[in-house]
Every structure is written in structure tokens, then in C-alpha cells.
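Everything on this sheet refers to the single structure shown next.
The values are calculated or read from the model by the stated rules, or taken from the named source; none is laboratory data. Since the structure is predicted, the reported quantities are computational estimates derived from the model, not experimental observations. For neighbour counting, all protein chains shown are included, and Cβ atoms are generated from backbone atoms with ideal geometry for every residue, glycine included.
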Amino acid sequence: MRPEIKVQKRLRRHKRVRKKIFGFPERPRLSVFRSKKQIYAQIIDDTKGHTLVACSSLTPEVREKIKELREKGLIKNKVDVARIVGMTLAEKAKEKGITKVVFDRGGYKYHGRVKALAEGAREKGLEF
């Protein structure tokens, strides 16, 4: 399948899902975006249109954790990196007092990196 068609299909799925998912102040939306090399996640209050917490594989603290774990041989692929991003995001959310979120997978299948990010966030106490 051509790459541009894949993107169009994902965006169509994302629109369909976003009709049903909405983030409120008491239960904001955890949105995931994944590129070929990186993964990004943010917690959004859709009523105000504000990002409350954001984290990605490019965030300095995450990069340090990844570097340390790579040296120890504990990180082998992007799925492991996604799990760390999810854990870091959950820790930041806890600091801001956010415990419950609605998960928005961004039109991606709940599989691989998206699933690892969600499981990492759940491990650190986010509920969804």
C-alpha cells in the first residue's frame, strides 16, 4: 500500500474515534502520535484546548533514561522506548494530580509501540 494512502486511512480512523472520545478536566485525553523513529504522547483538556502534560522519546529526561538503559542492555528496540515514554508521562501526570485519562490511540492499532506506551502509563498508576 502506498504510504500516503496509509496516512489517509489512519487519519480517517482517527477522526472516527475522535467523534466519541473527548477529554474533560476531570478525565483528560491521552493522545498518542508515532512517527517512524519517535513516539509522542500528551494529555489534553479538550474543553480549553490545552495540553496539560507532554512527553516524547525526544524529551531530555527520557533520552537520559534511554541512554542509561541502553548501556545496561535493557533497551533493544522502539517498543521498549515507548514503554519508558509512557512511564515518564504517567509520573508527570501524577505530579499535576491527574490519575484518570481517556486513551486516544490516534487511529493506530492497539499494538506494538502504542500498546507499550499505554502499558507503561498503567504501570505508573494512570487509569484508563
Could you check how many residues of region 78-107 are on the phi < 0 side of the Ramachandran plot and either free of Cβ contacts under 8 Å to residues at least 40 places away in the same chain or among the basic types (Lys, Arg) (or both)?
-> 16
Looking at region 1-56, which of the residues that are among the aliphatic types (A, V, I, L, M), in a strand (DSSP E or B) and touching a residue at least 60 places away in the same chain (Cβ under 8 Å) is farthest from Arg105 (Cα to Cα)?
-> Ile39
Residues in region 7-26: is at least one surrounded by fewer than 15 Cβ atoms within 10 Å (Cβ to Cβ) and within 13 Å of the chain's Cα centre (by Cα)?
-> no
Hey, among Gln8, Gln38, which residue is polar (S, T, N, Q) and more than 19 Å from Ala121 (Cα to Cα)?
-> Gln8
Within region 95-105, identify whether any single residue is modelled with pLDDT of 95 or more, part of a helix (DSSP H, G or I) and farther than 21 Å from Val7 by Cα, and answer yes or no.
-> yes
Tell me, please, whether a residue that is out of contact with any His (no Cβ under 6 Å at 6 or more places or on another chain) and more than 21 Å from Ile21 (Cα to Cα) can be found in region 99-106.
-> no
Which number in (1) in a helix (DSSP H, G or I); (2) loosely packed, with under 15 Cβ neighbours inside 10 Å marks the one condition that Lys65 misses?
-> (2)
Mind listing whichever residues of region 57-81 are under 21 Å from Gly106 (Cα atoms) and of a type in the set (A, V, I, L, M, F, W, C)?
-> Leu58, Val79, Val81
